[in-house]
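A short worksheet on the structure shown next.
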Amino acid sequence: MVKIKETLDHHLEIYDEHECIAKHPVLTGKATTHIRMEHYDGLHTKEKGQKAKNVEDLATDGLHSHTPSPNVEKRPLAAYAALEEGESV
């Protein structure tokens, strides 16, 4: 669970219990995506049993971002519901 605060300088700050863990500008106009690649530092690119996905599979048009999007695993929403119930996926 996180808290999100909009600042007077038009940024969104994301907090865990007490610490600001991320800060992003509020997007205006046609901008739809803002990615900070340092958020992905240290993550494994592929784990056993996962299939890497192409950037084209992500929900971004690529027109407003000069930074390539990370590859992510696709899974059905039912997997998250199962985790919520305490089941393993």
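The values are calculated or read from the model by the stated rules, or taken from the named source; none is laboratory data. Please read all numbers here as calculations on a predicted model, not as lab measurements. Cβ coordinates were reconstructed from backbone atoms using ideal geometry, including for glycine residues, and neighbour counts include every protein chain displayed.
Worth a mention:
- Extreme residue, nearest to V72 (Cα to Cα), among residues of region 6-40 that are surrounded by fewer than 11 Cβ atoms within 10 Å (Cβ to Cβ) and acidic (D, E): E38
- Where I35 falls short, out of the listed (1) in contact with a Cys (Cβ under 6 Å, 6 or more places away or on another chain); (2) at pLDDT below 85: (1)
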